[in-house]
């Protein structure tokens, strides 16, 4: 099993200093590179302090200038927010200045609130169609001159300037939950990014079964790399188990507000909603969170990862941003690099 890092510039309230947030985020990426992580992922989100990522390519270019080996990925560029010529050029430029380290992740987008501002009138549930049109267009633009007349975009002959360093193009990844997206990934040579939120291991099993079904339905197509993301926190003593749980509850109370489009966002900070009032409140019970997420002492985390490895997860994405204080995040990364990763090498 290989290991990837997903980390956001994150503020849960306005007491966090942006300079501290930025410095910490970069330090975590550098620690991950030194510790053996293969990819660092940056998201795309808009007008939200809990995920400060208005342009993932800016973030990755910043990281590229302060790292040497770790690959740099978008998780994910939201297809509907971009014009293909713009997206192709931005991505190719990052591949150029990073020395060919781009991993290109693309997806449908997460929150209706963002669509209401970025693409008014578009329902989040329909955005997958933009992603499916975008992927072959990017490949064509990276290859040379191309004219497009599609459902969502039309433009005369154009090309990507610059071209990517990697040939024929950087690796593609798609964020996948629904069977149709797994089928698309297999058909189009895209690797898979999956996230079971705070749900039980059965959700990961469901995603793996959907991947298996898609591979079986498309003979002759290669099996994609299957990566799975979980919030992660490693601690020294089992007595510390509630520290990441309480942080996760705080963050998830804002996430549920956004995910269910409940509104009530003030100056970029979503209101925390009582988790006992959401339909899936059982997901957020302390013992359930501790079991479902990648929380534990090093030995406990290794045991959890072995279960995912046996399921067929190729690469685990360590999701570092969950409202934890900076010292706890750094200690978790140290323990993961020093005591967890060696168990899989």
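Within the range 281-308, the set of residues being closer than 22 Å to residue 210 by Cβ, over 19 Å from the mean Cα position of the chain (by Cα) and touching a residue at least 40 places away in the same chain (Cβ under 8 Å) comprises 283, 307. Restricting attention to the range 257-284, the residues that are out of contact with any helix residue (DSSP H, G or I) (no Cβ under 7 Å at 6 or more places or on another chain) and buried (at least 20 other Cβ atoms within 10 Å of the Cβ) total 1.
Looking only at the range 298-326, filter to residues that are touching a helix residue (DSSP H, G or I) at 6+ places or on another chain (Cβ under 8 Å) and part of a strand (DSSP E or B); which one of those is nearest to residue 12 (Cα to Cα)? For the range 298-326, the residue satisfying everything is 318. Within the range 214-265, track down each residue that is in a loop (DSSP other than H, G, I, E, B), without any contact (Cβ under 8 Å) to a residue 24 or more places away in the chain and in contact with a strand residue (DSSP E or B) (Cβ under 9 Å, 6 or more places away or on another chain). 262, 264 - these are the residues of the range 214-265 that are in a loop (DSSP other than H, G, I, E, B), without any contact (Cβ under 8 Å) to a residue 24 or more places away in the chain and in contact with a strand residue (DSSP E or B) (Cβ under 9 Å, 6 or more places away or on another chain). Scanning the range 189-213 for residues that are outside any helix (DSSP H, G or I) and either under 17 Å from the mean Cα position of the chain (by Cα) or surrounded by 16 or more Cβ atoms within 10 Å (Cβ to Cβ) (or both) gives 190, 191, 192, 193, 194, 195, 196, 197, 198, 199.
Among the residues of the range 58-76, those that are in contact with a helix residue (DSSP H, G or I) (Cβ under 6 Å, 6 or more places away or on another chain) and closer than 15 Å to residue 8 by Cβ comprise 60, 63, 72, 74.
Restricting attention to the range 155-174, which residues are surrounded by 10 or more Cβ atoms within 10 Å (Cβ to Cβ) and either in a strand (DSSP E or B) or in contact with a strand residue (DSSP E or B) (Cβ under 6 Å, 6 or more places away or on another chain) (or both)? Passing the criteria: 155, 158, 170, 171, 172, 173, 174.
Does the range 111-120 contain at least one residue that is assigned to a helix (DSSP H, G or I), closer than 29 Å to residue 214 by Cα, touching a strand residue (DSSP E or B) at 6+ places or on another chain (Cβ under 6 Å) and in contact (Cβ under 8 Å) with a residue 60 or more places away in the chain? The answer is no; no qualifying residue exists.
Computed from the coordinates by the stated procedures, all read-outs in this text should not be read as laboratory data. Computed from a prediction, not measured in an experiment: that's the story for all the values here. All Cβ positions, even for glycine, are placed from backbone atoms using ideal geometry, and neighbour counts span all protein chains on display.
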